[in-house]
Amino acid sequence: MLTINNLHARVEDTPILKGLNLQIGPGEVHAIMGPNGSGKSTLASVLAGREDYEVTAGSVDFDGIDLLDLGASERAREGLFLAFQYPVEIPGVSNLNFMKAAVNAKREHQGLEPIAAKDFLAMVKEKAALVELDGRLRDRSVNEGFSGGEKKRNEIFQMAMLEPKLAILDETDSGLDIDALRIVSEGVNAMRDAGRSFLVITHYQRLLDHIVPDFVHVLSEGQIVKSGPKELALELEAKGYDWIKEPVA
Amino acid sequence: MAATNDIATRQAQNFVAGLAGATPLGLSSLSDEGRAALAELPVPTRRSERWKYSPVTAMLASPVSSAPAPKSWPESVPANPVPGLDAYRVVLVNGHVVPEACDLPVADGVMCMPLSQAVKEGRIAPGDEDWTGYHKREWVGAVNAAHAQDGLFLSLESGTSLDRPVLVHHHVTGADVASCPRHRVCLGDNARAEVVLWSSASNQASGMVNAVLEARVGAGARLGLDKVQHEHGSIFHLAHEHVTQGKASTFRIHTLTVQGHWVRNELSVLQHGSGAHTVMHGAYLPKGSEHVDNHTTMDHTVPYCTSSELYKGILYDRSTGVFNGKVFVRQDAQQTNAYQQNANIVADAGASINAKPELEIYADDVKCSHGCTVGQFDDEALFYLKSRGIGDRAARALMVQAFIGDVLEGMGSSEVADEVASLLAERHGWM
């Protein structure tokens, strides 16, 4: 599904990713953990196509496509989804119009007709139920006046609407209380299937209690320095990151 | 008085001479005063602060003349340009009312007719030909006073209201044409009316439109104006609305400049009855080398009045914009609540906006707020939209529609708002 090979990226003159390698198969859930400043969010941004980052070396193969060759909107239409750490408020753009434009952009890319109004509303109803997003929030301007938890639920709602092949969750657990964390995680788990992969970026083990990963990776100074099964997350929670930063023989 | 050897003055004299052939409207003391003022008043050039960013010099360079009255309404132009709008109609071509294409209301207490007809019928007393003396202060006002052709005359007796809006559609066709429409609206106490002012021009049209609207809104009365400028060709459009409001009255205007080569909108509202409320909203989206200027004056003279002013602009390509919003709160106007906001997006590097809020407050117990912003598109919001698969162009269109959405929302007629939205979408390729 995704093969990242020797990825280097920088912001202005500061190198952040320094030779990152990662392989994600179809249906797999990978978690990336790591201390602040290790490059976790940079990785998410580079994969989603944010223009502030410059890729200086390496390649990313997304289901047979050269991902780095595409603009942000093309990547999304190919099936990549980024759940933002800080979802953006866009006053005046209704959440529903936004989703309709996004769904239709993807359908056009797939050679399909725009979705019928009735089908769209049925889809909204079904997907919103996954994350308990009520009608009031669906009809409002995108994220405007939403609480932290509502914004994150809206991200997962959008993910469900767009049915991506690969979803990147960038610190989706930040700013969530226990109930919101449960709702968001259940939404994600409901979407797990053999054809859809997830890359879950998080600081804390607690999200991984709910979204149980197949693999856990530790990112440090722009490289993946350790990979292991889901138990690695528990070990990190107990011991911190310092023991891993030591060079591994 | 300007020296006669001044280039602009000489150009202005030549320019005005071209207007002389127009059929007189019959408001003879107004036109006499206008002619006299033209000889005295300075031509608006860069040297005047009020005209610094919109000198009329470029307009004066091409002589214009009044066009003869057309035989009929042009077939290729819909008399009602707004699909689905159910409205009475007063339509003009090049300043002349075309009677057979009009549709006038007939109701008790309502007088709605071409201004020329009202003059002929003696409905305008000799001392009552104008209400503001604008032609004595500004050269452009004197041009209209001296050469006014025709327009809307709407007078509602106390307590009456119109069951449908009145659409006033002014269309320009032909090269180097001067049009001087003049409208007059008078609402008696508690009367209600909605007026749509629509201006259009054919692709080959050029020249000047110099339009004046004077309105009096009686106590408790409500007047709403949806004003839309959608002119092809290359027209210099000077528009002036002067409104006086009585006690507890409401006046609302939405000024939407969809397309226009060079546009100067001057809007002046005087509240002289307490408890009056005024809404002045507008949006402008010039592209190419278009120029749009909105000069507004809100004059609070009595207590307990409110005003809400919101102008939004998006400037593309090499276009230029001006916003000048003057708010007076006179000494007696205690408990005034005045709000003014002007927000601009400069979409391209070659475009520019000159924005100036001007507040003069002489009362001490008032609430006045104003804000003015000039910025670019929000990159973070653009990236968010794009990250969901929406293309760059569509993402920008969504953001623009959101930006001007709160201006369109408050318009009197949703059909007019929808048509403006669809004209903008077509013009800027948002479809």
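The values are calculated or read from the model by the stated rules, or taken from the named source; none is laboratory data. Owing to the predicted nature of the structure, the values given are computational and were not obtained by experimental measurement. Positions of Cβ are backbone-derived with ideal geometry, glycine not excepted, and every protein chain shown enters the neighbour counts. Surface areas here come from the heavy atoms of the whole protein model, side chains and all, with no ligands, DNA or RNA. Shrake-Rupley method; radii C 1.70, N 1.55, O 1.52, S 1.80 Å.
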Quickly run through the range B:212-250 and pick out the residues that are open to solvent by 20 Å² or more (accessible area, probe 1.4 Å) and either part of a strand (DSSP E or B) or without any contact (Cβ under 8 Å) to a residue 12 or more places away in the chain (or both). B:216, B:222, B:230, B:234, B:236, B:244, B:250
List the residue pairs whose Cβ atoms are under 9 Å apart, where the first residue sits in the range B:394-411 and is more than 19 Å from residue B:348 (Cα to Cα) and at the interface with chain A (Cβ under 9 Å from one of its Cβ atoms), the second is assigned to a helix (DSSP H, G or I) and modelled with pLDDT of 90 or more, and the two are 6 or more positions apart or on different chains. B:405/B:421
For the range A:87-107, what are the residues that are in contact (Cβ under 8 Å) with a residue 24 or more places away in the chain, more than 9 Å from chain B (Cβ to nearest Cβ) and open to solvent by 10 Å² or more (accessible area, probe 1.4 Å)? A:96
Looking only at the range B:370-389, decide whether some residue is open to solvent by 30 Å² or more (accessible area, probe 1.4 Å) and over 22 Å from residue B:315 (Cα atoms). yes
Kindly indicate whether any position in the range A:134-142 is more than 14 Å from chain B (Cβ to nearest Cβ), crowded, with 23+ Cβ neighbours inside 10 Å, part of a helix (DSSP H, G or I) and in contact (Cβ under 8 Å) with a residue 12 or more places away in the chain. no
Can you tell me how many residues in the range B:197-211 are more than 15 Å from the chain's Cα centre (by Cα) and assigned to a strand (DSSP E or B)? 3
With the checklist (1) more than 14 Å from the chain's Cα centre (by Cα); (2) open to solvent by less than 60 Å² (accessible area, probe 1.4 Å); (3) closer than 18 Å to residue A:22 by Cα in hand, flag the one item residue A:202 doesn't pass. (1)
Can you tell me how many residues within the range A:89-100 are within 27 Å of residue A:1 (Cβ to Cβ) and in contact with a helix residue (DSSP H, G or I) (Cβ under 6 Å, 6 or more places away or on another chain)? 1
Residues satisfying the stated conditions in the range A:43-76, i.e. part of a helix (DSSP H, G or I) and either open to solvent by 60 Å² or more (accessible area, probe 1.4 Å) or at pLDDT below 95 (or both): A:69, A:74
Considering only residues that are open to solvent by 40 Å² or more (accessible area, probe 1.4 Å), in contact with a strand residue (DSSP E or B) (Cβ under 6 Å, 6 or more places away or on another chain) and not in a loop (DSSP other than H, G, I, E, B), which ones fall in the range A:205-223? A:215, A:223
Any chance the range A:49-61 includes a residue that's under 16 Å from residue A:21 (Cα atoms) and within 14 Å of another protein chain (Cβ to nearest Cβ)? no
Just wondering, is there one or more residues in the range A:75-84 that are under 24 Å from residue B:380 (Cβ atoms), away from chain B (no Cβ under 11 Å) and touching a residue at least 24 places away in the same chain (Cβ under 8 Å)? no
Given (1) out of contact with any helix residue (DSSP H, G or I) (no Cβ under 7 Å at 6 or more places or on another chain); (2) within 14 Å of another protein chain (Cβ to nearest Cβ); (3) in a loop (DSSP other than H, G, I, E, B), index of the condition residue B:341 fails: (3)
Considering every residue within the range A:166-174, establish whether at least one is away from chain B (no Cβ under 14 Å), closer than 18 Å to residue A:2 by Cβ, at pLDDT 95 or above and part of a strand (DSSP E or B). no
Would you confirm whether or not the range B:363-386 contains a residue that is of a type in the set (Asp, Glu) and either part of a strand (DSSP E or B) or more than 14 Å from every other protein chain (Cβ to nearest Cβ) (or both)? yes
Quick test for you: out of B:48, B:54, B:76, pick the one residue that is open to solvent by 80 Å² or more (accessible area, probe 1.4 Å) and hydroxyl-bearing (Ser, Thr, Tyr). B:76
Residues of the range A:24-42 being farther than 23 Å from residue A:209 by Cβ and surrounded by 14 or more Cβ atoms within 10 Å (Cβ to Cβ), in sequence order, are A:26, A:39, A:42
